[in-house]
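Please read the structure below before turning to the comments.
The values are calculated or read from the model by the stated rules, or taken from the named source; none is laboratory data. The structure displayed is predicted, hence computed values, not measured ones. Note that we place each Cβ from the backbone using ideal geometry, even for glycine, and neighbour counts take in every protein chain shown.
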Amino acid sequence: MASWNELFADEKYRELTPETAVYRFCSMVEAAFEERPLKIWDLGCGAGRHTLALARLGHDVYATDAAPRAVDLTKQRLAEFNLSADVRLADMADCPPRPSYFHGAVSWNVLHHNRIAAIREAVSHIYDSLIPGGMLMVTLKSDKADFAGQGTEIEPGTFIHDIGDESGVPHHYFNEDGVRDLFSGWEFMVLAEQVIAHLERPDRFWEYTPFPFTNWGVVVRKPL
Ligand SMILES: C[S@@+](CC[C@H](N)C(=O)[O-])C[C@H]1O[C@@H](n2cnc3c(N)ncnc32)[C@H](O)[C@@H]1O
């Protein structure tokens with residue numbers, strides 16, 4: 001059983017290279033709002049790769065994570081590069097309230113690590129924290145992903161796996177209806193399912209494949 005906090009003790013779990021998609025999302029938010037700096041929330045910041053990238057672009061970044069090591073790593077890396085951001089320890093379902101504050105929020109490979117009720121809480125909290133027209137980018141596990149349906153199902157669609165690096169960490173797998181339901185009340189700007197079928201699955205391939213896993217890519221906007 002590995003928690004995220006335990007995984008972050010090992011350097012190989014610290015993703016340091018920002019996703020291109022996050023820069024593209026940032027450009028979308030920059031195009032939508034004239035105000036600078038933008039206020040952007042990185043929910044589930046991990047080792048801080050997107051917090052640093054967004055701070056480097058000159059934006060005012062708020063970063064949260066439930067793992068103390070993630071918060072420490074993000075703070076250390078910000079200091080190392082002479083950047084600043086507001087980094088806090090907070091569970092996705094229980095973040096300090098910031099009503100109508102952010103222009104954008106990013107949560108990359110985070111929200112599906114929970115039970116559906118907590119994921120709904122987090123999405124509702126993000127909604128309340130965005131200004132009208134504010135945008136959220138998330139990735140979510142698809143029910144077509146490797147390991148979907150494997151392990152112990154602790155509630156419909158949520159599994160705790162007994163293999164892989166994230167064994168012991170809950171994963172909720174979404175079908176299209178599940179994603180649409182999660183974001184009812186939002187405007188969809190992008191709803192994309194990126195399906196990667198691993199046709200060769202050598203032993204522990206997930207540890208070294210350079211390719212992504214099957215995920216939903218979602219950009220939603222709080223209505224004006
Ligand atoms: C796969 S990592 C992604 C980290 C980062 N977003 C990135 O792209 O590098 C998942 C992150 O979600 C965080 N996380 C998991 N459950 C969480 C929760 N309940 N509340 C807040 N963060 C959580 C973990 O601590 C970890 O940093």
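Considering (1) in contact (Cβ under 8 Å) with a residue 24 or more places away in the chain; (2) within 13 Å of the ligand (Cβ to nearest atom); (3) among the polar types (S, T, N, Q), the lone condition that Thr20 does not fulfil carries the number (1). If you go through segment 118-149 and keep only what is small (Gly, Ala, Ser), farther than 16 Å from Ala66 by Cβ and in contact (Cβ under 8 Å) with a residue 12 or more places away in the chain, you end up with Ser129, Gly133, Gly134, Ser142, Ala145, Ala148, Gly149.
Yes/no matrix, rows are residues, columns are (1) away from the ligand (no atom under 13 Å from the Cβ); (2) at pLDDT 95 or above:
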residue: Phe81; (1), (2): yes, yes
residue: Asp91; (1), (2): no, yes
residue: Cys95; (1), (2): no, no
residue: Arg98; (1), (2): yes, no
residue: His103; (1), (2): yes, yes
residue: Leu111; (1), (2): no, yes
residue: Ala117; (1), (2): no, yes
residue: Glu121; (1), (2): no, yes
residue: Ser124; (1), (2): yes, yes
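Among residues of segment 21-44 being under 14 Å from the mean Cα position of the chain (by Cα) and not charged (D, E, K, R), the one that is farthest from Gly164 (Cα to Cα) is Ile40. Of all residues in segment 169-212, those satisfying the criterion of being within 20 Å of the chain's Cα centre (by Cα) and aromatic (Phe, Trp, Tyr) are Tyr173, Phe174, Phe183, Trp186, Phe188, Trp206, Phe211.
With respect to (1) assigned to a helix (DSSP H, G or I); (2) buried (at least 22 other Cβ atoms within 10 Å of the Cβ); (3) within 14 Å of the ligand (Cβ to nearest atom), the lone exception for Val29 is condition (3). The set of residues in segment 168-187 being acidic (Asp, Glu) and not in a helix (DSSP H, G or I) consists of Glu187 alone.
From the list Ser167, Ser142, the lone residue that is more than 24 Å from Ile40 (Cα to Cα), of a type in the set (Gly, Ala, Ser) and buried (at least 16 other Cβ atoms within 10 Å of the Cβ) is Ser142. The residues in segment 41-67 that are more than 9 Å from the ligand (Cβ to nearest atom) and either touching a residue at least 40 places away in the same chain (Cβ under 8 Å) or among the aromatic types (Phe, Trp, Tyr) (or both) can be counted, and the count is 3. Within segment 32-64, the set of residues being among the β-branched types (Val, Ile, Thr) and in a strand (DSSP E or B) comprises Ile40, Val61, Thr64.
Set side by side, the residues Glu200, Glu193, Glu121 differ, and just one is in contact with a Ser or Thr (Cβ under 9 Å, 6 or more places away or on another chain) and of a type in the set (D, E, K, R), which is Glu193.
In this structure, is Glu187 out of contact with any strand residue (DSSP E or B) (no Cβ under 8 Å at 6 or more places or on another chain), surrounded by 12 or more Cβ atoms within 10 Å (Cβ to Cβ) and of a type outside the set (Ser, Thr, Tyr)? No.
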